[in-house]
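A quick write-up on the structure given underneath.
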Amino acid sequence: MTKQGAPSPVKKSKQKVLIVEDEQLLNDAYKIVLQKEGYTALSAFDGQEALEIAENEKPNLILLDLRMPVMSGLEFLENFNVTERKHQPKILVFSNMDIQGDIDKAYALGATKYILKAWASPKELIRIVHDLLK
Amino acid sequence: MRKRTLNRRPSVSVYVIASLVVGLAFLGVTLLLWQNASQTLQQQFRTSAQQMSDNSTDAITKRLATYEEIMRGGAGLFKASEDVTRHEWKEFIDTYDVENRYPGAQGFGYAPYIKPADLAAHEAQIQAEGLPSYTVFPAGERPIYTPIVYLEPSTGSNPKVLGFDMSSESTRRAALFLARDTGQTSMSGKVILAQDTGQKTHEAGFLMFFPVYRNDTPISTPAERSAALMGFSYAPFRVSNLLNGIFGDKNDPNVGLKIYDGAGRNENAVMFESSDFKTLDAHPPIAITTQRQINHHTWTFVYAVSPNIISARDRQRPLATLISGLVFTVILTAFLFQLLVSRARSLAYSKQQEVQEAKDELLSLASHQLRTPATGVKQYLGMLLEGYAGKLSPEQNNMLSKAYTSNERQLEIINQILYVARADSGRILLHKQEVDLNSLVVQVINEQTGTIKSRKQKITCKKSRGKLIIMADKQYLHMAIDNLINNASKYTHSGGRIIVALKKVKGEAMISIQDTGVGINPQDAAQIFEKFTRLDNELSTQVGGSGIGLYLCQQIVELHGGRIILESKIGKGSIFTIYLPIE
């Protein structure tokens, strides 16, 4: 499908990734990339929406921005309470905010990994998602 | 427009005043305690002095009462047998062993009551008893005579007073008549004893009389008593001897005593004055005056008492209270001042922290806002380059790659500006953890291998022998090393060589990045670590740079307590060496 060889589409089609990103442009970009790579990509534009979708769809991975209207990424983590769940999706905090205190807090609330959004090209994003969902 | 009030730190004087207010309150409490202790001491002193003087006065009156009993015994002897011989009287008095058991009385005697008509017969009778020179004196006619006929012990000057008519002298007469008329013991006023007549020193004395009445005669009225009177049992006293007899050597140097005859302090009627009375009375912390009625006669006792009757420990208590209170107050005030200042400092510090954190957040927010659009560009260019929208022609690929690189530079500059702003405001907070420098360097090299290979350069890493682990902020240290290796590659011609070496040197971790690049002029070496400095060289136009990297490098290394050293030769290459302490 892409120039880089990837795991079998059958396995990947079962993997759901929830993109939580208020910036429409970026949300769309991640969706395109993830879908092209064979993932089922779902979109939410704030923490509140993400909570509902995560509850219903049970994604395997949540790509979580921190700074969002209505409900921020940290508030989402507080409400979602991933560590107490039976179904525990991986949470990739993907933000252009790099306040160390917020990053620490996100980890404390159950985030799996933090990446500065500006550093990840589509290729790098896919590599990280693959790694997390291995 | 609304004015913002600034939270200014109060000046030191505020803390001084606050501490002083509390200090003054404690000083007040201390003074109250001191005053209270002083009053208690005064009270204790007064009570002790009163008790002491009462005891002393009681001892004197008790002793006089004892003498009175002996006198009454003498009177009883005459009651039993009207004819008491000199020998019998001596025997009687000797049984009391007065000199040893009741020292203080000069003696105990008997004086008959003689009418003028019987005087000659009386003298003849006594002379016949073995006292041939006996006469009643002083000579002269008087309505009655009360000559001393017996006085025991008959030692010292006592024998010379035999025959002395006591009623010849008014003070004695008054006391004699009082005893006669009342039937009770009487006491004379101040007299000079007949024994002391003709002596150089005239010591104050007094006498006590007890009447002896004839048996079987009515004595209900003064007239009957006067008619029935036979004589007097009597005792003469020198006051100094009396007191010496009572108190002996137990003379308390802290208590002075002065006794006046009669009520009040008549200096002509001083009966006694202890040797230290004047000294003690000159600074009388307390003087106690007591009047006592003894045998129908008044004596005034004046005691001058020194505070030393209270134990030194008790006397020093108020002062000790004051001193310890003052010391406590001073310590407390100083402690409070310290506490206030340090509390204020910590408040000011946390306020500063808050301001800094707010600044930091603002910086992060600004960089977030700048990064987001560039991130959009990066994503879409990346998608094109990675073929998500179909295969690109080489020309398209080339152009998009340039756009991508340019966007990357923009992102890097945003990032660096953020770090510079943080470094400038001292807001680079290190999150130290154990960092394996060998692995960190290998990681950085791996990340840059692609770029280095594209420049046809060779990079080698000489790891340290053992593990090289230090406490450091991994992210920042990564940034610094990344920057130095990136620079080495950027300013080295194609085909050049980069050597990264790690070593443990005298308790420090050393990381050196050596290149075979263009090198740096020695005079430029100093400014190379300054912000926004870019040196011109043959490669500077080909490679991008913001002039921030080395500044940040140095900031990061110095924050870790380390240093960065540059050695370079134009045309030969440069060596940047980082030294970091191993904690």
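Read-outs throughout are calculated quantities, based only on the coordinates presented, and are distinct from any laboratory measurement. Model, not experiment: these values are computed from the prediction. Here the Cβ positions follow ideal geometry from the backbone for every residue, glycine too, while neighbour counts run over all protein chains shown.
Tabulated data for the structure shown
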quantity	calculated
Calculated SAXS-style log₁₀ I(q)/I(0) at q = 0.07, 0.09, 0.10 Å⁻¹ - the protein assembly as shown, Debye, Cα scatterers	-0.70, -0.94, -1.03
Largest to smallest principal axis extent of the C-alpha atoms in segment A:11-133, angstrom	33, 32, 25
Ranked by how many other beta carbons lie within 10 Å on average, peptides B:351-359, B:381-389 from highest	B:381-389, B:351-359
Helix axis angle, B:549-559 relative to chain B longest principal axis, alpha carbon, degrees	30 degrees
Förster radius 25 Å - calculated FRET efficiency between B:PHE328 and B:GLN43, Cβ distance, rounded to 0.05	0.50
Shielding by partners, peptide B:188-201 (average Cβ within 10 angstrom, other chains)	0
Pairwise label distance in nanometres, B:ASN266 with B:ARG343, each label 7 Å out on the Cα-Cβ vector	7.4 nm
Nearest 10 degrees, 0 to 90: helix B:119-128 Cα axis against chain B principal axis	80 degrees
Listed residue pairs exceeding 20 Å between alpha carbons, taken from A:LYS90/A:LYS113; B:LYS453/B:LYS504; A:LYS16/A:LYS113; B:LYS467/B:LYS503	B:LYS453/B:LYS504
DSSP bridge orientation in the protein assembly as shown - percent antiparallel, rounded to nearest 5	75 percent
Solvent-free Debye scattering, log10 I(q)/I(0), computed from the Cα coordinates of segment B:480-583 at q = 0.11, 0.21, 0.22 Å⁻¹	-0.31, -1.13, -1.23
Between helix A:122-133 and chain A: long-axis angle, C-alpha atoms, 0 to 90°, nearest 10	80 degrees
Test item: B:377-390 mean partner chain Cβ contacts at 10 Å	5
Test item: B:406-419 mean partner chain Cβ contacts at 10 Å	1
Relative contact order of segment B:81-310, pairs being alpha-carbon contacts under 8 Å that are 6 or more residues apart, as %	18 percent
Average Cα contact separation per residue, chain A, under 8 Å, 6 or more apart, as relative contact order %	21 percent
Relative contact order %, chain B, counting alpha carbon pairs below 8 Å whose residues are six or more apart	10 percent
Candidate lysines - alpha carbon under 20 Å from B:LYS359, same-chain residues fewer than 8 apart omitted	A:LYS105, B:LYS351
Where labels lie 7 Å past Cα in the beta-carbon direction, separation of B:LEU400 and B:ILE570 in nm	4.5 nm
Projected label distance in nm at B:THR201 and B:GLU129, using a 7 Å step from Cα toward the beta-carbon	3.3 nm
Sequence-distant lysines (8 or more away, or on other chains) whose Cα lies within less than 29 Å of B:LYS200	B:LYS160, B:LYS190, B:LYS250, B:LYS258, B:LYS278
Pairwise FRET efficiency - B:LYS506 versus A:HIS130, Cβ, R0 = 45 Å, nearest 0.05	0.50
DSSP bridge orientation in segment B:81-310 - percent antiparallel, rounded to nearest 5	95 percent
Alpha-carbon Rg/Rh ratio, for chain B, with Rh computed the Kirkwood way	1.67
Extension gain from B:THR95 to B:THR279, taking 0.36 nm per residue of separation minus the Cα-Cα distance	62.1 nm
³J(HN,Hα), Karplus 6.51/-1.76/1.60, whole Hz, each residue of segment A:51-59, x for Gly, Pro	4, 5, 5, 4, 5, 7, 9, 6, x
Long-range HN-HN contacts of B:MET230 with modeled amide H, under 5 Å	B:VAL212, B:TYR213, B:ARG214
Theoretical FRET efficiency, 1/(1+(r/R0)^6), r = Cβ-Cβ of A:ASP28 and B:SER425, R0 41 Å, to 0.05	0.65
Residue-averaged [θ]222 nm for chain B, counting only DSSP H segments that reach four residues, each worth -39500 (n - 2.57)	-16500 deg cm²/dmol
